[in-house]
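Values quoted throughout were computed directly from the atomic coordinates according to the rules given, and no laboratory measurement underlies them. All of these numbers come straight from a predicted model, not from anything done at the bench. Cβ placement follows ideal geometry from the backbone for every residue including glycine, while neighbour counts extend to all protein chains displayed.
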Amino acid sequence: MFSKEYFTYLLKSKKYLLIFILLIAFLNAVGSGKNEIGMIIQGFLCVVLTYLIPCNVFSYVHDKKAVDTYFSIPVSRKAMLVTGIVFCAATAYMPFVITFSFFAVAEGIGILSYALALIKILLVAFTLVVFNTCLYLIGNNAFDGVVMIGAYTVLPAVLLTALEIFADSYIAGHGFDMSFVAYLSPIAISTDLFFDLFESSMIDIHNIPALILYLAVSAYLLYKQYVDRAVERASTPSTKIYSYPLVIYLYVFLILLMISSSFNYGYSSFKDFISDIFIVYLMLFVVYVVAYFVYKRKLYFSYKLPLVFIIAALLTTGFSFAARSTKGFGLANAYDHNDRLGQYILYSYADYIPSEITEALKEIEGADAYDTYLNVVVSANENKGDNTPKRQISDSSMALFEKYRKSGIAYFYSGQREGQSTNLNVISSNGNHYYYGIKEGIAYSDMLEFAKDPAVSVIINNNSGEYKLQPDGSLKLLTLYMNTVTYD
Amino acid sequence: MLEINKVVKGFDGKKVLDGVNLTIDGGSIFGLVGVNGAGKTTLLRCISGIYMTDEGNVLFDGRDTFKQEEIRRDIFFANDDPYYPLASNIRSLKEFCASFYPLDEQMYQKTLKLFNLSENQQINTFSKGMKRQTLLLFALSIKPKLLLLDEAFDGLDPLVRYNLKKALYDFIEENHSTIIISSHNLKELEDICDSYGILENGKISTYGDLLESKQNINKYQLAFTAPIDESVFDQFTILHMHKEGSVYSLVIKGDKEETVAKLQELHPVILDTLSVNFEELFIYEHEGGER
């Protein structure tokens, strides 16, 4: 499964590249010392090398002439693959080991943390090399191989953007945890692991199972692609279904979803909707045809091209209209309003502050009390960064928060997004973020009700200070800002 | 011994090799001929274990050349358009070859001298002929038991061709290796090959000892005093016939003496017998096959 002869040849033939990479690592290590920047640079280089080195080492697979030479040597395909992968991973990993070792000594990192960190990064290097090699071999030529690496690497980001735009447009509150998309990208998981090295979480292994899963799946796919590969594919257009055809359709579908979601944002009429997006659709269609030209390496036009595009456009538009009609498929209500340990922040701007508040301020600060930049913040269980245990929010406060939330949902689906006066931010105890824009300000009676709840604070800010509203309607000064207002 | 057993290989649903069967004994120089696109290079790639066959297998000394990689240490495939890494020279290629094959330094130095090549000159500055010689330098230096030469004589000047043929003779004599040469230059093949095979319609249509085959196909010129009924020739395996007045030029496959005796019975006023060369043999076999 491993060819010593091939590995030795790789070492010999790429000796200048290896010397260069190791020299950079050494200089980086010596130059940066305890500096985290040096580690970040080396981590970045490690990731970049997991892209570049496989493209170099496995380039022969895409060269019509080179396949004759490489696939006729007396080394089995399995051994060629394993040896190539080990070489690529080692080339990406060893420079990092050098820099990290210097860093570990300078920082006094314990031996267990040091060893665990190195194992984690070894796993990262192997996973990324195997994953990127697998993508590189999807293509039938070097250019397509690089395109496939780029396309599949960026795809999770495009998916995330499409989901964000869709949720932003159709789901009031938009409180969905999109962090799962990060698990579609080994590069995102790997980056997370690199940054763990600067945290106390150096020994945190929460991302490891996902990475091992990526390694196992991509290793299997790579094995099938390489060992069973028809070498005559070299230097021909990439026609496998999971190369250009899948990539083009996925991107077209996601971009169409973004477009239909974005344009539906303003809830324009169907006629306006069509006229507004026509030119954008036309531009995307041109890009789609160009992508087909790159795929086929020739001018290609068939009735299937516009047909697929029109079907995808109709599907995404239909999907958007369905989302609009069903209030985000009912997902706006998929929210745990009994979550009493979540964080709630209700925030109103100056123009919508009840007169009772401004009057109370004038009583304290005098007639020229600042009310231009006035705002009221009702916060419950706000994360202040300390370890204060969270309090149960009272039933009446929960009911009030729910009232404002429902008002926000109604306002969202009314088709008006301008002129909101109040925001409600909710972070549920499981970490989901919800955001609602509300047309009206916070009623004074509601503020007094909130003020009764020890779990809730009603804070009034102006340029001169910060006050807390008391249940009896008085204001208690919390902070007086310096150099703003002077009192006699 | 090389055994090619019912090898089928196709591309994009089109079968290029359609059940090729062939056995080549050790120590033989085998000329593989066929028209352009007949599948000669595909067959050589199947033999060298580069291509995975769709059906059938190729055994060399009893071992599968695709599945049993260790046998490829005894096989060298010199293709018609060799690959040379960017900025490589003969020295760096030697490093590559020596990593995987048992390279004979003495043979290397001898062939390097014979071809008059510089070890340190970059290959991309070489002419087509020099590039081909470079590949042949390694082909001979690793002393494979099976040497596959694709379009071996293309792009070589007469002196180099002479040197190459000489090197191959010496190589065979010393190593008792098998050489398969595919080429369109049948005159060159005729000089060097002892056996041949014609690849046609995805199959080996004709193969055998070159000398025997040449003796078995002859050209006969006959002249008659009066027109004759051409059905009298039906008794012969005619590969080619040309008539001008009452003079016939026939290429007949079959024992020469028997054929002459039968032709004499037709009482021609003139009967001349001429031997054919390899190129004519290929053309007439090809015509005969099409007929």
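In the calculated pair-distance distribution of chain A, the portion above 29 angstrom amounts to 65 percent of the Cα-Cα pairs.
For chain A, adding -39500 (n - 2.57) for each run of n ≥ 4 DSSP H residues and dividing by the number of residues yields -19500 deg cm²/dmol at 222 nm.
Averaging the sequence gap over all C-alpha pairs within less than 8 Å and six or more residues apart, then dividing by the number of residues, gives chain A a relative contact order of 13 percent. By DSSP, the beta bridges lying fully in the protein assembly as shown are antiparallel in about 80 percent of cases. Taken over the alpha carbons of chain B as equal point scatterers, the Debye sum produces base-10 log I(q)/I(0) values at 0.06, 0.09, 0.11 Å⁻¹ of -0.25, -0.52, -0.72. Around the Cα centre of the stretch B:2-201, unit charges on the Cβ atoms of Lys, Arg, Asp and Glu (plus for the first two, minus for the last two) sum to a dipole of about 440 debye. Shape class of the stretch A:336-480 from the Cα gyration tensor (axes a ≥ b ≥ c, square roots of the eigenvalues): oblate, since a/c reaches 1.5 or more and a/b does not exceed b/c. Residue ranges A:419-428, A:184-193, A:470-479, B:142-151 sort as B:142-151, A:184-193, A:419-428, A:470-479 when ordered by packing (mean number of other C-beta atoms within 10 Å per residue, highest first). Mean partner shielding of peptide A:71-82, defined as the number of other chain Cβ atoms within 10 Å of each residue Cβ, is 5.
Across the options A:SER113, A:VAL124, B:MET241, the greatest Cα extent toward the positive end of the charge dipole of the protein assembly as shown (unit charges at beta carbon of Lys, Arg, Asp, Glu) belongs to A:SER113. When the helices of chain B are scored as -39500 (n - 2.57) per DSSP H run of n ≥ 4 and the total is divided over every residue, the value at 222 nm lands at -10000 deg cm²/dmol. Helix B:105-115 and the longest principal axis of the Cα set of chain B meet at an angle near 60°.
Contact order for chain B, expressed relative to its length and based on alpha carbon pairs under 8 Å spaced 6+ residues apart, stands at 20 percent. Against the main long axis of the alpha-carbon atoms of chain B, helix B:278-290 sits at an angle near 70°. The calculated FRET efficiency for A:VAL227 paired with A:ALA115, based on their beta-carbon distance and R0 = 41 Å, is about 0.80. Fully extending the segment from B:THR273 to B:LEU159, taken as 0.36 nm per residue of separation minus the present Cα-Cα distance, adds 37.6 nm. Considering only the stretch B:2-201, what is the antiparallel percent among its DSSP beta bridges, to the nearest 5? Bridges in the stretch B:2-201 are about 50 percent antiparallel.
With 0.36 nm allotted per residue and the present C-alpha distance subtracted, the A:SER101-A:SER474 stretch has 128.2 nm of extension available. Farthest towards the positive end of the charge dipole of the stretch B:2-201, among the residues B:ILE29, B:LEU189, B:ALA139, is the Cα of B:ALA139, using unit charges on the Cβ of Lys, Arg, Asp and Glu. Using the Cβ-Cβ distance between A:LYS65 and A:MET283 with R0 set to 56 Å, the FRET efficiency works out to roughly 0.90.
Between A:LEU11 and A:TYR373, the simple label model (points 7 Å from Cα in the Cβ direction) yields a spacing of 6.6 nm.
With a Förster radius of 35 Å applied to the beta-carbon distance between B:ALA226 and B:ILE283, the computed FRET efficiency rounds to 0.65.
With θ taken as phi - 60° and the Karplus curve 6.51 cos²θ - 1.76 cosθ + 1.60 applied, the whole-hertz 3J(HN,Hα) list for the stretch B:78-88 is 9, 7, 6, 10, x, 9, 10, x, 4, 6, 7 Hz, x standing for glycine and proline.
Taking a straight Cα-Cα cut-off under 18 Å and skipping sequence neighbours fewer than 8 places away in the same chain, the lysines within cross-link reach of B:LYS256 are B:LYS214, B:LYS219. With the simple model of a label 7 Å out from the Cα in the direction of the Cβ, B:GLU212 to A:TYR183 spans 7.1 nm. What pairs in B:LYS113/B:LYS187; A:LYS14/A:LYS298; B:LYS131/B:LYS165; B:LYS40/B:LYS165 have C-alpha atoms more than 24 Å from each other? Going by Cα-Cα distance, B:LYS113/B:LYS187; A:LYS14/A:LYS298 fall outside the 24 Å limit. Extension gain for A:TYR413-A:TYR349 works out to 20.8 nm (0.36 nm per residue, less the C-alpha to C-alpha distance). In this structure, the pairs whose alpha-carbon distance is over 18 Å, taken from A:LYS406/A:LYS439; A:LYS64/B:LYS145; B:LYS9/B:LYS203; B:LYS110/B:LYS166, are A:LYS64/B:LYS145.
Remark: mean inter-chain Cβ contacts per residue of A:61-69 equal 5, using a 10 Å Cβ-Cβ cutoff to other protein chain atoms.
With both labels modelled 7 Å from their Cα along Cα-to-Cβ, the B:ASP25 to B:ASP234 distance reads 4.0 nm.
Of interest is the spacing of the C-alpha centroids, which for the stretch A:146-186 and the stretch A:81-133 amounts to 28 Å.
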